[in-house]
Amino acid sequence: MFDQPVRYVAQTPLGVLDDSTLLATARERAAHLAAASKQLAGSLNPDRTLRRALHVTVPAVADWAQVMLPTRTGVRFTAVRADDPDRFVTVEGNRPVLGEVSGHGRALATGRFELMHVLADGQVPEAVAATVPTGPLRDGLLGLRPADLLVVPLTARGTTFGTLTLARRAGRGFEQEDVAFALELSGRIAIAIDTARVYAEQARVAEVLAASLRAPELPDTPGLAIGARMRAAMHTTDIGGDFFDVFGEPGDYSVLLGDVAGKGAEAAILTGQARHTVRGASFFDRRPAELLRVLNAALFAGGGRVEPATRFLTAVCARVRTSDDGSASVLLASAGHPRPLLVRKSGVVEEVPIKGLLCGALPTATYSEIEVGLAPGDMMLLFTDGVPDAIGSEGRFGLGRLSQLAAGYAGSGPHALAEAVDIAVAEYSGAGVSPTDDVAVLAFGGVPA
């Protein structure tokens, strides 16, 4: 461990200890390492792990300790003193700050520690300037009047990513055994901090990806009122295989709602591909049948890169043209999806008689279209099979119960209808019980200009 050259500004004599004292000290250090490892392993939060790292260092190993870690925009220094162990002082700066504190630069570059007996040589300010950035951190260390400074690299998985700086007052310098103990402790600290940082980064990446897979927020659609609700069967991830999308321009909108085979992240990935495919195809042709044809071809062509169980989906696609009086013309195409319900303002509910082959099963598929007129106050209700297939004490929720519910909300508006369906399915399945399948509901209707 000590085959590297150590930078000593002044030499201090080693004390003479008997065997019993050495044995007791070794036992104390082993016990501290075990306790420190337990504390450090108790958190995967980077900030909490950093504080625990300083707590297991001060005052057991040093009178003052500082950890330097890189951030996305620069570097961050965090320090604590033994006389105020609950007060953490943090200073952040850009990368050039490392040029001002050369002790860290050397440790990062070489992966080796550096020990300085600074008080004996009268070079406290110079040594502090080489290891601590200006401001409250430097003032706090100078007030301590350190005798020794020890800069230790933090290395994990073969990479030195930060430093641990330790300071001791006069009369408590770092002997060879102290340095060995500090190095062993710093190794455990490095692993704990690195593990927490890796976990946090993985969690951040997962959240970014999950956010991109969740249903998009409904856009502003002048002339068209839209209500949508969605609930994933895997509530721990809040993503699933049901999806919807709405896009277009005032007076002419495209509405897509679909259901990928399977659940969870694998299914959610395909929902994103489906939305992007349909949006891209819409630049060339807005007809629902054509959009589904392109989607089918894209899914089949990409089937080799997708799990077989999640390479298929059902979908219903609509092109909605609105009028100033609140009426709308709806052109619909379906790819193996449950039939939409037409909810008249009068309370009459009708199934829209449309069907088609699910997407991704065959290399080519053609889809038929049907046009439906919405009078002012009428609504179109789209839903995935998680709605009628929801299981309760009386069996399936069923289309009959859904139609009856929709009739009761005739004229109430798309937002109220979508919310009512979502709540009814949740209550039918049982309070606090996760759905066995993803659930998506989307209702729309024209509004007067």
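The values are calculated or read from the model by the stated rules, or taken from the named source; none is laboratory data. Since the structure is predicted, the reported quantities are computational estimates derived from the model, not experimental observations. Using ideal geometry, Cβ is built from the backbone for each residue, glycine included, and neighbour counts are taken over all protein chains shown.
For R275, indicate whether it is buried (at least 19 other Cβ atoms within 10 Å of the Cβ), modelled with pLDDT of 85 or more and assigned to a helix (DSSP H, G or I). When the stated conditions are applied, R275 passes them. Take R7 and decide whether it is charged (D, E, K, R) and modelled with pLDDT under 90. Judged against the criteria, R7 is a match.
Scanning region 64-114 for residues that are at pLDDT 85 or above, crowded, with 20+ Cβ neighbours inside 10 Å and assigned to a loop (DSSP other than H, G, I, E, B) turns up just one, F113.
Once region 216-231 is narrowed to residues that are touching an Asp or Glu at 6+ places or on another chain (Cβ under 8 Å) and in a loop (DSSP other than H, G, I, E, B), the residue that is surrounded by the fewest Cβ atoms within 10 Å (Cβ to Cβ) is P216. Applying the condition of being in a helix (DSSP H, G or I) and in contact with a Gly (Cβ under 8 Å, 6 or more places away or on another chain) to region 295-318 and asking which residue is modelled with the highest pLDDT yields N296.
Scan region 204-217 and tell me whether some residue there is modelled with pLDDT of 85 or more and either among the aliphatic types (A, V, I, L, M) or in contact with a Pro (Cβ under 7 Å, 6 or more places away or on another chain) (or both). Checking region 204-217: not a single residue is modelled with pLDDT of 85 or more and either among the aliphatic types (A, V, I, L, M) or in contact with a Pro (Cβ under 7 Å, 6 or more places away or on another chain) (or both).
Yes/no matrix, rows are residues, columns are (1) outside the structural domain of P125 (by TED's automatic domain parsing); (2) in contact with a strand residue (DSSP E or B) (Cβ under 6 Å, 6 or more places away or on another chain); (3) surrounded by 22 or more Cβ atoms within 10 Å (Cβ to Cβ); (4) not acidic (D, E):
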| position | (1), (2), (3), (4) |
| --- | --- |
| R138 | no, no, no, yes |
| D148 | no, yes, yes, no |
| V151 | no, yes, yes, yes |
| G158 | no, no, no, yes |
| Q176 | no, no, no, yes |
| I189 | no, no, yes, yes |
| T195 | no, no, no, yes |
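Considering region 342-392, the residues that are within 36 Å of the chain's Cα centre (by Cα) and charged (D, E, K, R) include one that is farthest from A328 (Cα to Cα), namely D389. Summed over region 137-191, residues that are farther than 25 Å from E28 by Cβ and of a type in the set (V, I, T) total 4. Inspect region 389-396 for any residue being in contact (Cβ under 8 Å) with a residue 60 or more places away in the chain and not charged (D, E, K, R) and give the result as yes or no. Scanning region 389-396, I find no residue that is in contact (Cβ under 8 Å) with a residue 60 or more places away in the chain and not charged (D, E, K, R), so the answer is no.
The condition (being without any contact (Cβ under 8 Å) to a residue 24 or more places away in the chain and part of a helix (DSSP H, G or I)) is satisfied by just one residue among V198, V179: V198. G411 fulfils the conditions (1) of a type outside the set (A, V, I, L, M); (2) in a loop (DSSP other than H, G, I, E, B); (3) at pLDDT 95 or above except for a single criterion, (3). Considering region 433-448, the residues that are in a loop (DSSP other than H, G, I, E, B) and of a type outside the set (A, V, I, L, M, F, W, C) include one that is modelled with the highest pLDDT, namely P448. Restricting the search to region 414-432, which residues are surrounded by fewer than 16 Cβ atoms within 10 Å (Cβ to Cβ), out of contact with any Phe, Trp or Tyr (no Cβ under 9 Å at 6 or more places or on another chain) and either in a helix (DSSP H, G or I) or hydrophobic (A, V, I, L, M, F, W, C) (or both)? Passing the criteria: H415, I423, E427, A431. The residue pairs whose first member lies in region 120-132 and is within 13 Å of R168 (Cβ to Cβ), whose second member is surrounded by fewer than 19 Cβ atoms within 10 Å (Cβ to Cβ) and modelled with pLDDT of 75 or more, and whose beta carbons are closer than 8 Å, counting only pairs six or more residues apart or on different chains, are V124/L142; V124/R145.
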